[in-house]
1. Which one of these is part of a helix (DSSP H, G or I) and at pLDDT 95 or above: 64, 4?
2. List the residue pairs whose Cβ atoms are under 8 Å apart, where the first residue sits in region 2-30 and is within 12 Å of residue 49 (Cβ to Cβ), the second is in a strand (DSSP E or B) and of a type in the set (Asp, Glu), and the two are 6 or more positions apart or on different chains.
3. Only one residue in 27, 52 is assigned to a strand (DSSP E or B), closer than 18 Å to residue 154 by Cα and not acidic (Asp, Glu). Which one?
4. Just give me the residues in region 135-153 being within 17 Å of residue 79 (Cβ to Cβ) and free of Cβ contacts under 8 Å to residues at least 60 places away in the same chain, in sequence order.
5. Filter region 114-134 down to the residues that are out of contact with any strand residue (DSSP E or B) (no Cβ under 8 Å at 6 or more places or on another chain) and more than 23 Å from residue 63 (Cα to Cα) and list them by number.
6. Scanning region 101-150 for residues that are small (Gly, Ala, Ser) and closer than 27 Å to residue 29 by Cα, which turns out surrounded by the fewest Cβ atoms within 10 Å (Cβ to Cβ)?
7. When region 65-89 is examined, which residues are found to be within 18 Å of residue 111 (Cβ to Cβ) and crowded, with 19+ Cβ neighbours inside 10 Å?
8. Would you confirm whether or not region 156-163 contains a residue that is crowded, with 19+ Cβ neighbours inside 10 Å and either in a loop (DSSP other than H, G, I, E, B) or modelled with pLDDT of 95 or more (or both)?
Amino acid sequence: MKTLILGYGNPDRQDDGVAWTIIQSLAARLSLTIPSLDEPVVADGKADLTLAVALQLLPEMAELVAAHERVCFVDAHTGRVPQDLSVEKLDAQFQSSPFTHHLTPQTCLSLAQSLYSKTPGGLLVSVRGYEFGFSNDLSPRTRELADQAVEHISYWLEEREHP
């Protein structure tokens, strides 16, 4: 099953970059090249797995999303979600935003559906961030949650439920 794991956020703003840390950990665990700003999309054809990182979701990403059967979006949240580590199945659904720079994973799936007639299964793994200063280091609490997220995504990759 062609799978995309797409992490987004700002790695220079502490916990907002948790998705980058999670993607890096998954790449290391799977012996894949680690995505970076210079090479944001890394594919492993044998495993049908693509890892990608970005500062934010963009409409142009609908093409990448549409090329996969399932997509796991990885992001930070600031407490708007009750759980520190939230895992949510997603449906393609256009969601308007008052901000022109904000695109949700559901809208990204909706664009893939509208533009390419492809509707991959969607999952959002959202990790609680606590500190958003100018640094590349995660807060200790978010670092622990990142490790848990890596475990959860690893189980998902194997199509198993997390214990």
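1. That would be 64, the only listed residue that is part of a helix (DSSP H, G or I) and at pLDDT 95 or above.
2. Pairs that qualify, where the first residue is within 12 Å of residue 49 (Cβ to Cβ) and the partner is in a strand (DSSP E or B) and of a type in the set (Asp, Glu), are 30/44.
3. 52
4. 140, 141, 144
5. 130, 131
6. The residue in question is 135.
7. Selection gives 65, 66, 68, 71, 72, 73, 75.
8. no
The values are calculated or read from the model by the stated rules, or taken from the named source; none is laboratory data. Everything quoted here is computed from the prediction, not taken from an experiment. Don't worry about glycine lacking a Cβ; one is built from the backbone with ideal geometry, like all the others, and counts go over all protein chains shown.
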